[in-house]
1. Mind checking region B:265-330 for trypsin sites (Lys or Arg not before Pro) that DSSP puts in a loop (not H, G, I, E or B) and that have at most 16 other Cβ atoms within 10 Å?
2. Which residue is it, in chain B, whose C-beta lies closest to the B-to-C rotation axis, and what is that distance in whole Å?
3. Tell me the relative contact order for region B:197-344 as a rounded percent, counting alpha carbon contacts under 8 Å between residues six or more apart.
4. Enumerate by residue number the trypsin sites (Lys or Arg not before Pro) in region C:48-114 meeting two conditions: DSSP loop (anything except H, G, I, E, B), and at most 15 other Cβ atoms within 10 Å of the site's Cβ.
5. Taking K and R as +1 and D and E as -1, what net charge do the other residues with C-beta under 10 Å from the C-beta of D:G171 add up to?
6. Hey, in the GNM for chain B with a 10 angstrom Cα cutoff, which one of B:D50, B:D106, B:D28 fluctuates hardest?
7. Using a cut-off of under 19 Å, list every residue of region B:306-335 whose amide N is near the label point 7 Å from the Cα of B:D145 along the Cα-to-beta-carbon line.
8. Over the whole of B:296-302, what's the average partner chain Cβ count within 10 Å per residue? Rounded to a whole number, please.
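The values are calculated or read from the model by the stated rules, or taken from the named source; none is laboratory data. Since the model is a prediction, treat every value here as computed from it, not as a measurement. Methodologically, a virtual Cβ is constructed for each residue, glycine included, from the backbone with ideal geometry; neighbour enumeration extends over all protein chains shown. Areas reflect the complete protein model, heavy atoms only, side chains present, ligands, DNA and RNA absent. Shrake-Rupley method; radii C 1.70, N 1.55, O 1.52, S 1.80 Å.
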Protein chains: 4
Amino acid sequence: MVRAVVHAGRGQVRVEDVADPRLCSPTDAIVRVRRAAVCGTDLHVLAHPDQLPRGFVLGHEFVGEVVERGDQVREHALGDLVVGADYTACGRCWWCRRGDHWQCSDRRFFGTGTVFGPPLAGAQAELVRVPHADTVLVALPPGIDADAAVFLGDTAATGYAALRRAGTEPGETVAVLGGGPVGQVASLVAQAIGAGVVVVVEPVADRREIAAREGAVAASPDRARKVVDAATDGRGADVVVDAVGGERGLGLALDLVRRRGRVASVGVPSETIEVPAGRAFADELAFSFAIGDVMRDAEPLLALVRAGVLDPSVVATERVGLDGAVEAYRRTAERLTLKTLIRP
Amino acid sequence: MVRAVVHAGRGQVRVEDVADPRLCSPTDAIVRVRRAAVCGTDLHVLAHPDQLPRGFVLGHEFVGEVVERGDQVREHALGDLVVGADYTACGRCWWCRRGDHWQCSDRRFFGTGTVFGPPLAGAQAELVRVPHADTVLVALPPGIDADAAVFLGDTAATGYAALRRAGTEPGETVAVLGGGPVGQVASLVAQAIGAGVVVVVEPVADRREIAAREGAVAASPDRARKVVDAATDGRGADVVVDAVGGERGLGLALDLVRRRGRVASVGVPSETIEVPAGRAFADELAFSFAIGDVMRDAEPLLALVRAGVLDPSVVATERVGLDGAVEAYRRTAERLTLKTLIRP
Amino acid sequence: MVRAVVHAGRGQVRVEDVADPRLCSPTDAIVRVRRAAVCGTDLHVLAHPDQLPRGFVLGHEFVGEVVERGDQVREHALGDLVVGADYTACGRCWWCRRGDHWQCSDRRFFGTGTVFGPPLAGAQAELVRVPHADTVLVALPPGIDADAAVFLGDTAATGYAALRRAGTEPGETVAVLGGGPVGQVASLVAQAIGAGVVVVVEPVADRREIAAREGAVAASPDRARKVVDAATDGRGADVVVDAVGGERGLGLALDLVRRRGRVASVGVPSETIEVPAGRAFADELAFSFAIGDVMRDAEPLLALVRAGVLDPSVVATERVGLDGAVEAYRRTAERLTLKTLIRP
Amino acid sequence: MVRAVVHAGRGQVRVEDVADPRLCSPTDAIVRVRRAAVCGTDLHVLAHPDQLPRGFVLGHEFVGEVVERGDQVREHALGDLVVGADYTACGRCWWCRRGDHWQCSDRRFFGTGTVFGPPLAGAQAELVRVPHADTVLVALPPGIDADAAVFLGDTAATGYAALRRAGTEPGETVAVLGGGPVGQVASLVAQAIGAGVVVVVEPVADRREIAAREGAVAASPDRARKVVDAATDGRGADVVVDAVGGERGLGLALDLVRRRGRVASVGVPSETIEVPAGRAFADELAFSFAIGDVMRDAEPLLALVRAGVLDPSVVATERVGLDGAVEAYRRTAERLTLKTLIRP
């Protein structure tokens, strides 16, 4: 038996003993989790108890050590330190060969029940089973801090995917909507890859303070346009990363983006959004939706962390053992913490 | 006095004598029009008589000869053959220096009243005044057919802008929505710049025939997905160029585009469009809006025409003198012709 | 026993019975060869008999059918039609994950002895063993002609690699040095991916004729600059693909390339070349060396062939059975044929 | 009369009164120089006294204020603060429209006699005449420090040009050869635009110290490969910026660059260089030569400086008045200073 954070009814989690994960395929590995992070997505799936059986193990951000591996796992030896992608991919299909692992038909999202596809037990546990381990696990080179690496699997990969899909160029002004963990790390990534001014737009003062401390210009939503204008001679942001989503995120993005600018959305959006197409056409805007993919982007992300240029661990505002997970979920839900790291 | 096609009340045109255009600024030139094309946009602006005074000269696609020029025009000598962009730009501001002339604050769209900004008399006339002539006029190298060159100013530049903004790569499958002039020429441009299969989606059989004759695979809207699937092993089009616009264009684009595909819209869209954001997010789609810009893209467009790789003159299904313009507008409105060239 | 083309002493080949190739690793496959091509590289290695044991099976360009496979081959079923890359790669290392298979430490070049690394028996045979079959073999979609597909493994991949590494843009003028098979196919690829004028520079009239028939402008070396100038208003070629190599290739490239132009070399070069660095600096030139990689570029290459945009089979000027191989080598050496296809 | 630094015989300079520069064309401006920098190129041209008349005003890096302008200067008003490009360009020709101003036939390099084309008096003076002022002068937005801006015209533009031509991607390891001003600023630019580890290779300890203080890893030439290996798991640098030049620079670049890596040279090279083409081919290397162009790259460079991400003023190790120029030249020649700023 291993201890794990499990679903305990709508919005509730509990730490319980669950059965040891076992290899189900020769391409599986078992990873002893050294760090797992609590994510807004965990709260999101807890709100869909019909898609998440009671007792289901949560969590999709993790760093750990390979402790068992199937016969066909060739990339990772026992004892290797690895960061996991937050979802699986086969590594061989048309999509995977392009580096678009999210579209793989063998995608399973760790710890999220059936919300994003077939279920796969999560990583907020002492051990986690990782299918397609050669593809899903990324080896950590020596000298990478586990507290930073754990965010490469989802949070940092998400910001990176958005900024690259939007074609961010050196010196460009980037507005990041939302000062939650995704927004904060998107700001760090933007700075690391060559943006000029990065503006984090966030209503909560504490989060603005963090953004400012970490190199961004912070602005409340109502002052955001003024701040962006000051950096761009009134033109607006070259790139907007929308980590808010929905009509509210889009509205703010449209307030801030310059003509011919680009909006990349990473927030979970509403089902439909009204887009002012006349304005978008006249202003030649571009919109894209991006999902993080550390399997594709491990190389630059690891290199930036290793070089000391990017340190996503700054969003880890709390650290607990597995026993602290229940409280960590509560504090995450109440936005009292950015990211809590669990050390099982 | 010069003869010109002018607005004659809602939906009506007339050929009349109007005052000679005169240089108003040292950066102006006067061009004797050799070819002017009738465009769907002409019909669009005729539907807004409040924004288009009676007697206003129409037309924004033209090739001609420089016959007079202001003191500060340096790029074009008298007698030079030139193609005009369909709108003006100063050539010096922040936007123009980037090559984004549509966003120039000195933009005026020829022959469209106040629909797209301050009015500027059009080019369906014996003579046309061209502001910022150094920027707005593009010199034609020897050996370029005027019947092809006239489409570089708007129609071909539009297709090019869309395909490039969508990041079209060699071998990609491109679906073009709409077999009108813009769609037909977008198909030609896609083929010229390295697309693989190009599918033109068009309800009218005659237009499908032209598309097929000119190298595309033609499909009616209800068969389009099947045709795209055959070319892409069921994945969908890599790139969709939407020359239909509005909810209908978007709906069809969403039917055809593959996951992680890109939709570029060039049609005049509705004021707002409902976008299925949940789907767009899960499929990591990208949407962009693109406006043609021959001032930016003259170099590749001219090179492709000159090399014989691109011949947009195939959409010129009729040719008339100025006297034939009234009839040409009627036939354009009834979709009996793709493009009519006026030789004043 | 299978029949195969083997090394028979300096510059000589013979058709002999050799032992059946057998699976040596669970990632191997055995392919029944349907087409194998004779390549200039075959002649090159025959000139190094010390690096090529007598009896060694030659040939590295092939299309065939999978007839046996190791336990770990997952991408290709028995009976699948495939084209082989001309060298192997593991598919999993740092280089392979980037798509730079040539740099893989597990590279072996089919049928070339030890000239390019550890030896691996070639494909001019009834059967060939293919290591790392999941990576090295590319599945052919239905409707691809084997006579075209056979050139994707090396010849067409080479042209594609060069043109892409040189950053070829739509409408650009490309000069291809050498009208042998690589040059001819580079010309086809350039046309397929959106070049404007393509000039093939070749001293032999017959080869110029083929180039011209296949859409290029053909020029002898001494007239090349004039021809390029006519297409570029005297500026020179935007891109030069050097399929000649050595000082002679470089000299001609420098004659033809425009300032800020790009030269990509694919020919086997001399050990050292004198580069006029002062000129290269003042003219801001770029030089790159590119090796074909169908493992990386299968997607666009197959799409272009499938769409009918690219047909490299036009260089297959002769077709023989295995018995015709000796004669085919002779005619290749004497430049009496471009490419000979062997159908074992 | 104005005071200026002038050529006083081989290797010698003097501060003298020279005639006031005057407008020679309606596109000229006169700029009152606020900062001028001493550059290695100044020493280089002093070594060619036959190409540099005695009394010729030196200097090509400057920031200043527009104090007089021709009738056709439209971008810059009197009193505007500007940074000058180090050479002129017409702004209108085929090359200038592409943003390749160095290739403009109207290029003149300030203060270098006839070494790089027709002569144009330099900027180490109280006033300087600037031809094509609309193109050659770049307006400085408020809040840019003149001591940083002065380096945008040449030093920083050079590093930027090299890194971009080499296609530097986020996280890549960049080796910069030479810790002189160009190398130091290239290191800063590399860090600003998203490189991972930046290694400055420099024999002089003082210069290594500066590089290290400013965020690079510094290495002596003999330790460089070891340092690069540590950052790249033994593969070598993704990008090498060669600010040394000649056979020595190339040799070191070849020692450090990884397979498929890219070398961009900015140093003044020897007339010819022996390139080991066999190795370059097998390793698929790319070489390019890049010349700085602030007229093209002002936008990202200014944005990075304005955002506080890039501060090239750290290489300004000394500041003098015009009277200190003679001493400054001596100290520059003896490598006792990186960059000396003259405040006339």
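1. Values: sites: B:R279, B:R296, B:R306, B:R319, B:R330; in loops: none.
Hits after loop and neighbour filter: nothing returned.
2. Whole-Å result, nearest residue of chain B to the axis: B:G194, 2.
3. On the way: 188 pairs, mean separation 19.6, N = 148.
It comes to 13 percent, rounded to a whole number.
4. Numbers: sites: C:R54, C:R69, C:R74, C:R92, C:R97, C:R98, C:R107, C:R108; in loops: C:R54, C:R74, C:R92, C:R107, C:R108.
Counting only loop positions with at most 15 other Cβ atoms within 10 Å, the trypsin sites (Lys or Arg not before Pro) in region C:48-114 are C:R54, C:R74.
5. Result for the neighbourhood of D:G171: -4.
6. B:D50
7. B:306-321
8. 3
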